[in-house]
1. Which pairs in the list Lys163/Lys240; Lys83/Lys231; Lys246/Lys270; Lys98/Lys246 are over 23 Å apart, alpha-carbon to alpha-carbon?
2. Between Gly271 and residues 5 or more places away or on another chain, which pairs have amide H atoms under 5 Å apart, with H built 1.01 Å from N, and which residues are they?
3. Along each of its three principal axes, how wide is the spread of alpha-carbon positions in the range 98-326, in whole angstrom units, largest first?
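None of the figures in this text is laboratory data; all of them are computed from the coordinates on show. Everything quoted here is computed from the prediction, not taken from an experiment.
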Amino acid sequence: MRNNRNSLVIGGFLACLLVAAFFVYGNQELVLTALSSKGILDSNLETEREDGYFTVKDEDGRQITATALPVFVGDEFIAGDNKHYRVIKIQGDTALAKFLGVDKLAYDPAWDEAPVASAATGAGRGTIGVYHTHSDESYVPTDGAESIWANGGIFKVGNAYTKAMEKQGVQVVHSTRPHDPHDANAYNRSRRTAVELLKQNPAALVDVHRDAVPPEVYRKVVQGKEVTQVKLVVGRRNPKMAENLKFAQNIKSYADKHEPGIIEGIFIAKGNYNQELSPRAILIEVGAHTNSRIEAQDGVALFSEVIPRVSGVFTAAGPRPGAITPGVLATQNRTSWSTLGWILAAVIVGGGAFLLISTGSVSGSWDKIKSFTGNEFANAFLRRREKKKK
């Protein structure tokens, strides 16, 4: 009778594990959203200020950059001249940053080997995913408002970016799905879009934004034309932070050679920005709400060749149709292991909860496990031996 009761308990335990595994595997986005609501993934770290902005200054009081993104001690910034800083103090709207040195960005000659493709020849292969977490963001001088619900001027900037890449023969999947309102949960909502874009196996995933600072922060003359610069943002609260940062540094390295001045800098911020989904995920700030959208569109068009080049979209022969871009397969494998980790976690928590409820105590749960792994397996082995003897 006791063995039957043990078998029922363990059977229920295994059933709970199976249900938990299927739930986690099919609802990873829901689980991640729940974690965010509990503060494990804190979306408040990614929410821009509603008014004002932070000015980042060096220890001599010189302005390095400005951003409406939240700034925390420990955040870092690689400026246009590759000087590297770390924020050591926040005083009101000012972040004081310590100079760490000048970064020497590596350059891969392979980025220059392939000819620029054209849509006519179809020589360019590979996909770039583009989306907009903050779909309301707009440019006051051109759009008449800094925010337009679900149809911000940022979509037109994304379209200009997409068309410029397509002219080079790059395949682009551009999502214009809105994720309003512009609140702390916007990144939770845009996660679904990012996951769907990743199903297209893109070489890179680009979340296109605009900042909210004075116009001179981003205004720049590049190739004789007044445009807005592009700021790269990497989330440091992110298990793929090292890979994303290397990707951002590659972007800047290529841009510094071919479009000098187009990159305003790399901001290494405390948020996550859904960048744990891919080692080639990047957030770009294309100007600010105070800049002209036309200048933003011109700026992002100049920037359009950079990410395809450093992502391996252009190679001498071009990847085979349907082939996986180098580095993406590894991402998929890591994602699979990550999913397995979620399942195992659910198994442990769900199974433990079932045993605790069924036995009424921790010690009782442990006795059931020992009984099953000891007596049940031993009895099963003896019954098998008896059958063989017969």
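1. Correct reply: Lys163/Lys240.
2. Residues meeting the criterion, in which the H sits 1.01 Å from N, are Arg236, Arg237.
3. 46, 41, 37
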